[in-house]
1. Within the P(r) computed for segment A:51-92, what percentage of the Cα pairs occupies the region above 18 Å?
2. How large is the charge dipole for chain A, taken about the Cα centre, if only the Cβ atoms of Lys, Arg (+1) and Asp, Glu (-1) carry charge, to the nearest 20 debye?
3. When a footprinting reagent is the concern and you count Cβ atoms within 10 Å, what order do A:Met29, A:Met111 take, fewest first?
4. Before rounding to the nearest 500, sum -39500 (n - 2.57) across all DSSP H runs of length at least 4 in chain A and divide by the residue total; then give [θ] at 222 nm in deg cm²/dmol.
5. Could you put A:His72, A:His143 in order, starting from the residue whose Cβ has the fewest other Cβ atoms within 10 Å?
6. Any idea which of A:Val102, A:Ile153, A:His48 is furthest toward the positive side of the dipole for segment A:7-185, if Lys and Arg beta-carbons carry +1 and Asp and Glu beta-carbons -1?
7. Using only the Cα atoms of chain A, build the gyration tensor, take square roots of its eigenvalues as a ≥ b ≥ c, and label the shape rounded, prolate or oblate: rounded if a/c is under 1.5, else prolate if a/b is larger than b/c, else oblate.
8. Placing +1 on the Cβ of each Lys and Arg and -1 on the Cβ of each Asp and Glu in chain A, which of A:Ala18, A:Ala36, A:Ala133 has its Cα farthest towards the positive end of the resulting dipole?
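Quick note: the coordinates plus some simple rules give every number you see, no bench work behind them. For clarity, every value in this text was computed on a predicted model and none was experimentally measured. All Cβ positions, even for glycine, are placed from backbone atoms using ideal geometry, and neighbour counts span all protein chains on display.
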Amino acid sequence: MAAPVSRGFFERDALEVARDLLGKRLTRMTGGNLTAGRIVEVEAYRAHDDPANHAHRGQTRRNASMFGPPGHAYVYSIHARFCFNVVTEPTGVPSAVLIRAVEPSDGQSLMHARRRTDDPLNLARGPARLCEAFEIDRTLDGHDLVGSDQLWIDTELPATDPGEIVAARRIGVSSAKDLPLRFFYADNPYVSHRRKR
DNA sequence: CTACCGATTGACT
DNA sequence: GTCAATCGGTAGA
């Protein structure tokens with residue numbers, strides 16, 4: 001039986017939370033329908049010395065959730081799409097982990113319908129694709145993931161060995177390009193922007 | 001109010 | 001690898 005992740009898990013350094021989120025299960029319940037999958041790719045956005053963080057220049061209407069309590073969602077829109085983050089560190093410390101890719105485990109047919117694609121690999125590969133597959137939008141910005149019956153994270157069920165975790169540069173950022181704050185499973189086909197082997 | 005632009009994606013060379 | 005569609009957030013007049 002999978003156990004939901006508690007508040008204390010999120011109230012830590014964003015890098016630790018990022019690495020530990022790999023292998024956890026992102027779970028979404030909408031109208032009695034379950035969609036879920038294993039988190040395989042994340043990016044950390046640090047509270048300090050990170051100009052790529054939306055909160056780097058202080059609090060605004062958009063990034064307010066990052067300044068709130070840990071374990072809540074930070075959902076923002078960009079290029080007419082949505083991206084989903086988990087808020088980390090104590091209240092008032094604006095840091096978060098962007099969930100970039102998920103390996104679907106439940107509700108794939110519903111994800112197919114939402115994404116309008118037949119390609120299993122493309123259901124939740126990439127932060128905005130993931131949000132579409134899981135029906136995550138602005139209304140979930142600030143949503144408390146701890147104790148939620150709509151959107152939460154729990155421990156992964158016994159599965160195959162996910163393999164080696166590697167760190168690399170973040171995708172799409174125009175500043176702090178070289179910080180190794182993106183974490184993913186090296187050999188997982190559901191990870192975005194993979195290099196050829 | 002206008003102007004700029006991005007933590008993206010999908011199509012294309 | 002390149003490129004542009006897309007639109008809300010932000011800063012500035």
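1. Values: 182 of 861 pairs.
When every Cα pair of segment A:51-92 is considered, 21 percent fall beyond 18 Å.
2. Values: 27 positive and 25 negative charges, 156 e Å.
In debye, rounded to 20, chain A gives about 740.
3. On the way: A:Met29 15, A:Met111 26.
Ordered by Cβ neighbours within 10 Å, fewest first: A:Met29, A:Met111.
4. Working: 4 runs with 27 residues, N = 197.
The helix-only estimate for chain A comes to -3500 deg cm²/dmol at 222 nm.
5. Values: A:His72 24, A:His143 18.
Listing A:His72, A:His143 from fewest to most nearby Cβ atoms yields A:His143, A:His72.
6. A:His48
7. Rounded is the answer for chain A, as its axis ratio a/c remains below 1.5.
8. The residue sitting most towards the positive pole is A:Ala133.
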